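Only one structure is covered here, and it is reproduced in the block below.
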Amino acid sequence: MFNKYKIKLLLVFILATSLFLTTLACTLIKPLSSRTTVSQSDLPIIYTTIYPLYDFTKKIGGGKVTIINVTPTGAEPHSFEPTSKLLADISKADLLLYNGDGIEPYFEDLLTTLQGSSVLMIGTNQGINLIKENGVTDPHTWLSPPCALTIGENILEALSQVDPGNTEFYEKNFQAFQDNITALDQDYEDTLAQCQERKIVVTHQAFNYLCREYDLEQVPIMGFNAEAEPSSKKLKEICQLISKEKIEFLFSEALFSPKVAETIATETGATILPLHPLGSLSEKELQGGKEYFGIMRDNLKSLQQALEYKP
């Protein structure tokens, strides 16, 4: 029988942990660039709002641009709020690349700040067939390699617009980016086509685009915002599903408390595997050389294990 007392304790723990992490956020998170103001570089200043855009812009822009990510290292993009000074700095930049679709909660304030400024604002999800559920758009497009390629194309176009003299350089870097995306997409397609199972249980509903691309089914414990708290009813339903369908694995992510996944694993006997949503990276991951392609391949290994890969 599902232990209701454990669920109540878990929900209290989640709330307490969220408050604790919020209090410590200012001391635990660091920017992805040592350049924190626009006056420190003679190169075009590019702001990105989330890690995938920072990483893609770095790969395509190379040493020809200065890139500053709005969301600091280790921060959750769904809830991060930039300072008024940071918003003012963005207004002095050459280019702002944003994801949109709800992942930047400060976006309306940013638009107000940028009124009258010369900064070029480009939404990188242009051209992507967006997924909506109950009227809410899923912002996690970058987790699908084909969608990531479209994002890269939008970044290339934006860089060429603000710095046309280096267009050939950006196009050359983009070609290497495209080659890596194409290889990644092929590996996902080949591997997942040979998996016997199609259903993944995840703590964070971030994998809709990946699942759509490779014919998988996502069963989320929490919604698009990973900091939302699951109800005891939802946790009970997930446990019942795992037990009924004999699902052996569930997925969790590094930046958040593992308590939800651990409680479900204890109740059901399922094994926890990592599946990274890539919205933000920890300082340890960055120091260890982690980046989009490496993490996406780590994700594929986890999926391969959980979905019974049989070549």
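The values are calculated or read from the model by the stated rules, or taken from the named source; none is laboratory data. Keep in mind that what you see is a predicted model, and the values were worked out from it rather than measured. Positions of Cβ are backbone-derived with ideal geometry, glycine not excepted, and every protein chain shown enters the neighbour counts.
Within the range 86-118, the set of residues being touching a residue at least 60 places away in the same chain (Cβ under 8 Å) and either at negative phi or assigned to a helix (DSSP H, G or I) (or both) comprises 94, 95, 97, 103.
Restricting the range 134-166 to residues that are among the β-branched types (Val, Ile, Thr) and more than 17 Å from residue 122 (Cα to Cα), the residue that is surrounded by the fewest Cβ atoms within 10 Å (Cβ to Cβ) is 136. Within the set 18, 91, 41, 79, the sole residue that is at pLDDT 55 or above and under 26 Å from residue 140 (Cβ atoms) turns out to be 79. Just one of the listed residues (157, 237, 197, 229) is of a type in the set (D, E, K, R) and within 21 Å of residue 274 (Cβ to Cβ), and it is 197. Look at residue 201 and say whether it is surrounded by fewer than 20 Cβ atoms within 10 Å (Cβ to Cβ) and outside the structural domain of residue 87 (by TED's automatic domain parsing). For residue 201, the condition - surrounded by fewer than 20 Cβ atoms within 10 Å (Cβ to Cβ) and outside the structural domain of residue 87 (by TED's automatic domain parsing) - is not met. In the set (1) of a type in the set (A, V, I, L, M); (2) at pLDDT below 50; (3) surrounded by 19 or more Cβ atoms within 10 Å (Cβ to Cβ), residue 46 fails one condition alone, (2). Here residue 172 clears all of (1) farther than 18 Å from residue 98 by Cα; (2) crowded, with 19+ Cβ neighbours inside 10 Å except the condition numbered (2). Being closer than 30 Å to residue 219 by Cβ, without any contact (Cβ under 8 Å) to a residue 12 or more places away in the chain and either assigned by TED's automatic domain parsing to the domain that holds residue 107 or of a type outside the set (A, V, I, L, M) (or both) holds for only one residue in 138, 179, 190, and it is 190.
In the range 124-133, the qualifying residues are those that are hydrophobic (A, V, I, L, M, F, W, C) and in contact with a strand residue (DSSP E or B) (Cβ under 9 Å, 6 or more places away or on another chain), and the one that is surrounded by the most Cβ atoms within 10 Å (Cβ to Cβ) is 131. So is residue 159 assigned to a loop (DSSP other than H, G, I, E, B), at pLDDT 95 or above and touching a strand residue (DSSP E or B) at 6+ places or on another chain (Cβ under 8 Å) or not? Judged against the criteria, residue 159 is not a match.
The single condition from (1) in contact with a Ser or Thr (Cβ under 8 Å, 6 or more places away or on another chain); (2) over 21 Å from residue 310 (Cα atoms) that residue 210 fails is (2).
Note on the range 162-174: residues that are assigned to a helix (DSSP H, G or I) and closer than 13 Å to residue 44 by Cβ total 7. Among the residues of the range 193-230, those identified as among the polar types (S, T, N, Q) and touching a residue at least 40 places away in the same chain (Cβ under 8 Å) are 194, 196, 203, 205, 208, 225. Just a yes or no: is a residue in the range 175-185 of a type in the set (Phe, Trp, Tyr), outside any helix (DSSP H, G or I) and out of contact with any Ser or Thr (no Cβ under 7 Å at 6 or more places or on another chain)? For the range 175-185, residues of a type in the set (Phe, Trp, Tyr), outside any helix (DSSP H, G or I) and out of contact with any Ser or Thr (no Cβ under 7 Å at 6 or more places or on another chain): absent. Taking the conditions (1) more than 26 Å from residue 50 (Cα to Cα); (2) without any contact (Cβ under 8 Å) to a residue 60 or more places away in the chain; (3) surrounded by 14 or more Cβ atoms within 10 Å (Cβ to Cβ) in turn, residue 263 satisfies each one other than (2). Taken over the range 232-260, the criterion of being surrounded by fewer than 18 Cβ atoms within 10 Å (Cβ to Cβ) and without any contact (Cβ under 8 Å) to a residue 40 or more places away in the chain is satisfied by 233, 234, 237, 243, 244, 246, 254, 258.
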